[in-house]
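**Q** Submitted below is the structure of interest, expressed as structure tokens.
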Amino acid sequence: MNYKDNKTKFVLKFIVPLLIIGVIVGIYILKSSEQKLMADTNDEFALEATAIDLDQLKTYGLPIVIDFGADSCVPCKEMAPVLKKLNKETQGKAIIKFVDVWKNKNAADNFPVDLIPTQFYFDKDGNPFVPKDPEAMQMMMYSTKDTNKHVYTAHQGGMTEAQLRAVLKEMGVE
């Protein structure tokens, strides 16, 4: 065997497989970073919002939870880590939003917010969520005066992680 044959065998046995592995790892890293970038840059699914475009959110066909609160309100501060955790866990299954109404004074203009925190719930079809037992979940059902059409389902005050998970589960989010 001559030197050229040994070199060719070495390249075929070691270098080519290493190159293939390198390409596969490179593609994996590229795809992972693209997915993370897409998730990080999609404001529709970011937790914090300065305003709510409910019509736009409804186009995703996912249950929606909107929490109107403030960064400096005590019950809101208690809910903040829960909202953050659930927003991350439910990406692609539900939309969870938080709006600081003290920083964004007009953000709740289209919603009947009397106190903070107040959460609003919409089902995957974009309709106000109708819980099986609104009283047990401490939900308020808002209807128009003229037609009595149900327009909002809300909860006033803080909610625990267990309470929010129970609502999301009833909304069909696993």
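The values are calculated or read from the model by the stated rules, or taken from the named source; none is laboratory data. What you are looking at is a predicted structure, and each value in this text was computed from that prediction instead of being measured. Note: ideal-geometry Cβ built from the backbone for every residue, glycine included; neighbour counts use all protein chains shown. The protein model used for the area step is the full one, side chains on, heavy atoms only, and it has no ligands, DNA or RNA in it. Shrake-Rupley method; radii C 1.70, N 1.55, O 1.52, S 1.80 Å.
**Q** Might you let me know whether the range 159-168 holds any residue that is surrounded by 14 or more Cβ atoms within 10 Å (Cβ to Cβ) and free of Cβ contacts under 8 Å to residues at least 24 places away in the same chain?
**A** Checking the range 159-168: not a single residue is surrounded by 14 or more Cβ atoms within 10 Å (Cβ to Cβ) and free of Cβ contacts under 8 Å to residues at least 24 places away in the same chain.
**Q** Restricting to the range 42-55, what's the tally of residues that are without any contact (Cβ under 8 Å) to a residue 12 or more places away in the chain, under 15 Å from the mean Cα position of the chain (by Cα) and outside any loop (DSSP other than H, G, I, E, B)?
**A** 1
**Q** Now for a different question. Go through LYS85, LYS58, LYS124 for me and flag whichever is of a type in the set (D, E, K, R) and either without any contact (Cβ under 8 Å) to a residue 40 or more places away in the chain or touching a Leu at 6+ places or on another chain (Cβ under 8 Å) (or both).
**A** Only one candidate passes the filter, namely LYS124.
**Q** Going by what's in this entry, would PRO81 be described as at pLDDT 95 or above and in a loop (DSSP other than H, G, I, E, B)?
**A** No; evaluated as a whole, the condition is false for this residue.
**Q** Those residues that are loosely packed, with under 13 Cβ neighbours inside 10 Å and over 16 Å from the mean Cα position of the chain (by Cα), I need them from the range 56-87; list them, please.
**A** ASP71, SER72, VAL74 - these are the residues of the range 56-87 that are loosely packed, with under 13 Cβ neighbours inside 10 Å and over 16 Å from the mean Cα position of the chain (by Cα).
**Q** Same structure again: Tell me which residues, restricted to the range 120-156, are on the phi > 0 side of the Ramachandran plot and open to solvent by less than 60 Å² (accessible area, probe 1.4 Å).
**A** Matches in the range 120-156: GLY126 only.
**Q** Take the residues of the range 98-119 that are farther than 20 Å from ARG165 by Cα and either under 18 Å from the mean Cα position of the chain (by Cα) or without any contact (Cβ under 8 Å) to a residue 40 or more places away in the chain (or both): which is most open to solvent (accessible area, probe 1.4 Å)?
**A** Ranking the candidates gives LYS105 first.
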